[in-house]
Each structure stands twice: as structure tokens, then as C-alpha cells.
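A quick write-up on the structure given underneath.
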Amino acid sequence: MPIPLQASNHEAASGAPPSAPGLLRNSTLFRHLDDSEADAILADAQVRHYPEGAQIFAKGDPGDSMMAVLQGRVVISDSSFDGRQVVLATLRDGDVFGEMALLDGRERSANATAAAECDLLLVRRNSFLSLLKHRPDICMGLMIVLCGRLRRTNQQVEDFAFLGLERRVGKVLLRLADEMSETAASRLRINISQRALGELVGGSRERINKILHDWKRSGIIAIENGSIQICDVQALADLV
């Protein structure tokens, strides 16, 4: 069943949208749906296109939908007490976000921004809650998603509380390298700015710059063209 596209500044391009049915089939939440139930979700869903840097929603916005990344990358962030931006999560193809506001109907608890050009599947609150009423297994899938999000948040809090900035930077670089690509050669090169890295680990650009250049002099990493290449994975792992 075709997915209606919202006519707005973020309207999806004409032609077939990315594989929304495929996303439903492979996601933790929706993989047990039969064809009619999947069609019912998609009939009331929308595909929205966002260019890189576009705001998807802001903290405090009404929470009337859940979103899934069809393609691209989304950053969930908040501002610290001193005004610095703190990245809470980076989401990629197949990841779901906005589920908290979808469940309780309250305002968004953080900001969502397109870190790269992306297409998102938007599922309205009413249609999702209607599905939950007669599919308890979807409730279980949702709990799994929420538990995974909570575990990652707990780990992030522990890292901020117990690890110094240098160890946090090393840990994030290793994680990003593992997530970036399936090919061994590409996994060692991470396309990220020092400002964005600082937002992920809670450090200023100046401090991040010093750490990276210390590692560069030691031969652990190389820095070129806006990317960081890990030259000695074991040496970096030993730092964290």
C-alpha cells in the first residue's frame, strides 16, 4: 500500500519511497505483523525527507508520532546547563525514535536533527496505540526497544561519571568505527568533525583537538579531510 507523503517543506521526492514495508518486517517492534496489520500502519504513515542539518523536532514540541529511519542518520541531543550541545544518541537505518512521547502523549524530551540527508517513516500516535490494544506482542517489542535505550543511557551516564575525557573519546571512536561500515578498511576511518565528537563525549573542541593531536603524534590515529583514521586499534583500545 502506498504511503501518503506530507506536502510540506520536507516533502519526500516523487517516486517510490524507501522500503517502509521492509523496515516494518525487520524491526523489533513490527516484525510479527501480518500483511493486513502492516498495511494498516503504513496507510496512516508518512515518509518525510530532511536535508542534512534540518531540525526534525525540538525539545518541548508536541509528541504525537514515532519515527523510524529509512535511510540516513539522526542525532538526538540536548543542551547542558552552560549551553553546550550534548549528543544523547546517533540513529541510523532501521532505528526508531520518539517512542516516549508517542506513548505518554507529552512533549518531546530532546532535540532531533538530521545529521545527514535522511528519509523518515512517521507513525501517528493514534494508529500505533490502536495496534497496541490488540497486539500484546508489539508491547513486548516496544519494551525491548525502551530497555535497550535505557541501557545505553545508563552506560553513557557511567562513562561521564567515571571516565576521563580521553577515555571517553577513545571509547566513542572505537564504537563509531565499529558502526560505520561492514568493510574492515572503512571501519578504521570515521567521518566526524571535532565539534561533533566533542558533543558526543561532553568536551570542548579545544580539548578534543589536543587529545587527537597527541594521539596523532603517537601514531594511534591520523587526521585528514574532516575524518579520523584509527591507525593502531590496539593502542587506542588500551587507552579505554
(Q) For ARG125, only one of the following conditions fails: (1) exposed (fewer than 11 other Cβ atoms within 10 Å of the Cβ); (2) basic (Lys, Arg); (3) touching a Leu at 6+ places or on another chain (Cβ under 9 Å). What is its number? (A) (1)
Q: Hand me the list of helices (runs of 4 or more DSSP H) wholly inside region 171-240 holding 2 or more residues that are within 20 Å of the chain's Cα centre (by Cα) and at pLDDT 90 or above.
A: none
Q. Do any residues in region 49-75 that are at positive phi have Cβ atoms under 6 Å from those of residues that are surrounded by fewer than 21 Cβ atoms within 10 Å (Cβ to Cβ), where the two are at least six apart or on different chains, and which pairs are they?
A. GLY60/GLU107; GLY72/ALA116; GLY72/GLU117
Q: Identify all residues within region 115-140 that are touching a His at 6+ places or on another chain (Cβ under 9 Å) and of a type outside the set (Lys, Arg); write none if there are none.
A: GLU117, CYS118, ASP119, LEU120, ASP137, ILE138
Q | Enumeration of residues in region 40-94 that are within 13 Å of the chain's Cα centre (by Cα), outside any strand (DSSP E or B) and under 14 Å from ALA115 (Cα atoms) | A | GLY72, ARG73, ARG92, ASP93
Q: Please work out if VAL74 is more than 30 Å from PHE160 (Cα to Cα) and crowded, with 17+ Cβ neighbours inside 10 Å.
A: no
(Q) Against the conditions (1) within 29 Å of GLU99 (Cα to Cα); (2) open to solvent by 40 Å² or more (accessible area, probe 1.4 Å), where does LEU239 fall short? Just the number, please. (A) (1)
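The values are calculated or read from the model by the stated rules, or taken from the named source; none is laboratory data. This structure is a prediction, so every number in the text was calculated from the model and none was measured. Positions of Cβ are backbone-derived with ideal geometry, glycine not excepted, and every protein chain shown enters the neighbour counts. Note: areas computed on protein heavy atoms with side chains; ligands, DNA, RNA excluded. Shrake-Rupley method; radii C 1.70, N 1.55, O 1.52, S 1.80 Å.
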